[in-house]
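Asker: Let me give you the structure first, and then I'll get to my questions.
The values are calculated or read from the model by the stated rules, or taken from the named source; none is laboratory data. The model shown is predicted, which means the values in this text are computed figures rather than measured ones. Counting neighbours? That spans all protein chains shown, and the Cβs are built from the backbone with ideal geometry, glycine included.
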Amino acid sequence: MKITLEKIDDCNGKLVIDIEEADYTAKVDEELKKIGKTHNIPGFRKGHISVAQLRTRFGKQVKSDVLNNQVYEAAVKYIVDNKINILGQPIPENVKEINLDDKDYTFTYDLGFAPDFNVELDKNVTLPYYQIEVTDKMMEEQDKSLRERFGAQVPGEEVDEKAVVKGTLMELNPDGSVKETEDAVQVINGIVAPFYFKSKDEEQKFIGKKINDKVVFNPYASCEGNAAELASMLNIDKEKAEDHKGDFEMAISEIIVVKLAEHDQEFFDNVFGRDKVHNEDEYNDALKAMIAGSFRGNTDYFFNVESRKYFLDKYGNDIKLPAEFLKRWLKMNNPEAAEDTDWDKEFEQMVPQIKWELISGRIAEQLGVKVEEEDLMARARYIAQQQFAQYGIYNMDEETMADTAKRILADKNYRRRIADEVGELKLFAFIREAVNVDVKTVAMEEFVKMVNPSAGAAE
């Protein structure tokens, strides 16, 4: 077998493969023998048919399969062995049915070369990093939220924004009188949580009310017609929810409010873990770090977006792509696409991503970015932590966290997505270490405007 690389220009080339009968005959015979051993062929016992007879029956099909496989494998091996940096995959120059009566063949593959370029990545490169200012107001709001979360429910005298209200609910007629028909809804031990209402107008009707007060509100409006929520509130079947869109009167018999947790050791341990925080100063420092940490995902993401833009602006115009080759490759890999697909448009939309993959690949190679198993485990643990947090669990034991992370990585598709995420996160983390990062503290409002300029302009 003879393989020749023909360079057309900096972006395109051809791989010519000449294959003779001696290159594939042994493989054809091997495949034919496998058929004889494994297939039931009418008129013959399994394994008792000659290669000559097999060649008569299956020779041309097997020869075709062997030729295509051998040639493509040879093309890929040549590219790998000679470290030829290509885009996409080799594309057959002319897809046509070969004459299986011939003995020698020539196959030609079109190649699209990945461009050769250098990326400047050192402390002479300055990239901005915007961190969001943690304000006193943020601290106060977060502190209140935590004290509510770890507080206790106690009897209250007045309905506040977090109160649960108990009492009797009576369905009303349109004129405001109590409905007394057979189908009227009455809930003796009713419970409502106004802070969960989807309608703020309905919620406000309860604020400031006391025990023995009566409140006229609309349950249907409070949950925006959600049948399941309405059925739960009124203790009726979900199928009957649509029949009760009118007002109800609630006579308040009990008010449950949240007593905020005190700043004591139990509270500190609940929030940050055992013995992590011991006094007010440490609490404030940890609280500030918690809030800053909650912003970090957004600030890191914005840094990543802006860094990508910087590298694309700096190097993108100099990266020459084999456009026509890539359009063919795109079409070949989307056989289900509509016949009238505009491949020129599809390609143009892909260009920034293709260029970024080339640039990021060059950066990763230059900085030695590799995704290790411990990186995947750390990311899976983070995902597990977020999952537990959704259920209000913030201090899960290490064994359970590790087991959950392992189960996450056991899913091959999930593992692949995590690997992609980790690769990108590590890439930008390495970039931050390699370049000069100009850290700038900005107000939340300013950061939002930078991330979404159109939203800022609309305001």
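Asker: Considering only segment 395-405, I want to know if a residue exists there that is in contact (Cβ under 8 Å) with a residue 24 or more places away in the chain and touching a Gly at 6+ places or on another chain (Cβ under 8 Å).
Answerer: yes
Asker: Just checking, does segment 182-204 include any residue being over 30 Å from Asn270 (Cα atoms), of a type in the set (Gly, Ala, Ser) and touching a strand residue (DSSP E or B) at 6+ places or on another chain (Cβ under 7 Å)?
Answerer: There is at least one residue in segment 182-204 that is over 30 Å from Asn270 (Cα atoms), of a type in the set (Gly, Ala, Ser) and touching a strand residue (DSSP E or B) at 6+ places or on another chain (Cβ under 7 Å).
Asker: If you take the residues in segment 16-44 that are modelled with pLDDT under 90 and outside any helix (DSSP H, G or I), which one is surrounded by the fewest Cβ atoms within 10 Å (Cβ to Cβ)?
Answerer: Step by step, filter segment 16-44, then rank; the result is Pro42.
Asker: Let me ask something else. If I filter segment 112-154 down to residues being in contact with a strand residue (DSSP E or B) (Cβ under 6 Å, 6 or more places away or on another chain) and part of a loop (DSSP other than H, G, I, E, B), which single residue comes out as farthest from Arg362 (Cα to Cα)?
Answerer: Filtering segment 112-154 for residues that are in contact with a strand residue (DSSP E or B) (Cβ under 6 Å, 6 or more places away or on another chain) and part of a loop (DSSP other than H, G, I, E, B), the one farthest from Arg362 (Cα to Cα) comes out as Gly151.
Asker: Out of (1) touching a residue at least 40 places away in the same chain (Cβ under 8 Å); (2) under 26 Å from Phe430 (Cα atoms), the odd one out for Phe325 is which?
Answerer: The single condition Phe325 does not satisfy is (2).
Asker: Tell me the residue from Glu254, Glu224, Glu282 that is among the acidic types (Asp, Glu), over 30 Å from Arg362 (Cα atoms) and touching a helix residue (DSSP H, G or I) at 6+ places or on another chain (Cβ under 9 Å), please.
Answerer: Answer to the check: Glu282.
Asker: Say we look at segment 250-279 and pick out the residues that are of a type in the set (D, E, K, R) and within 36 Å of the chain's Cα centre (by Cα); which of these is nearest to Val216 (Cα to Cα)?
Answerer: Ranking the candidates gives Asp269 first.
Asker: Which of the numbered conditions does Val277 fail, given that it passes all the others? Conditions: (1) touching a Leu at 6+ places or on another chain (Cβ under 8 Å); (2) part of a loop (DSSP other than H, G, I, E, B).
Answerer: Single failed check for Val277: (1).
Asker: Further question: Among the residues of segment 158-179, what is the count of those that are closer than 16 Å to Pro194 by Cβ and not hydrophobic (A, V, I, L, M, F, W, C)?
Answerer: Within segment 158-179, residues that are closer than 16 Å to Pro194 by Cβ and not hydrophobic (A, V, I, L, M, F, W, C) number 6.
Asker: In segment 201-248, what residues are exposed (fewer than 13 other Cβ atoms within 10 Å of the Cβ) and under 41 Å from the mean Cα position of the chain (by Cα)?
Answerer: Matches in segment 201-248: Asp201, Glu224, Ala228, Asp237, Glu239, Glu242, Lys245.
Asker: Could you list, in sequence order, the residues of segment 335-388 that are among the small types (Gly, Ala, Ser), closer than 25 Å to Pro115 by Cα and either outside any loop (DSSP other than H, G, I, E, B) or touching a Leu at 6+ places or on another chain (Cβ under 9 Å) (or both)?
Answerer: Hits for segment 335-388 are Ser360, Gly361, Ala364.
Asker: Right, here's the next one. Looking at the structure I just gave you, is Ala429 of a type in the set (Gly, Ala, Ser), assigned by TED's automatic domain parsing to the domain that holds Lys314 and either within 26 Å of Leu87 (Cα to Cα) or free of Cβ contacts under 8 Å to residues at least 24 places away in the same chain (or both)?
Answerer: Yes, satisfied.
Asker: It is to be established whether one or more residues within segment 112-122 are touching a Lys or Arg at 6+ places or on another chain (Cβ under 6 Å) and at pLDDT 90 or above.
Answerer: Yes, the conditions are met somewhere in segment 112-122.
Asker: Same structure, new question: Tally up the residues in segment 78-111 that are more than 15 Å from Ile3 (Cα to Cα) and assigned to a strand (DSSP E or B), please.
Answerer: Looking only at that region, the number is 5.
Asker: How many residues does segment 252-273 hold that are part of a strand (DSSP E or B) and either surrounded by 15 or more Cβ atoms within 10 Å (Cβ to Cβ) or in contact with a Phe, Trp or Tyr (Cβ under 9 Å, 6 or more places away or on another chain) (or both)?
Answerer: 5
Asker: Take the conditions within 26 Å of the chain's Cα centre (by Cα), in a helix (DSSP H, G or I) and either in contact (Cβ under 8 Å) with a residue 40 or more places away in the chain or crowded, with 17+ Cβ neighbours inside 10 Å (or both) and apply them to Phe303. Does it pass?
Answerer: Yes: the conditions hold for Phe303.
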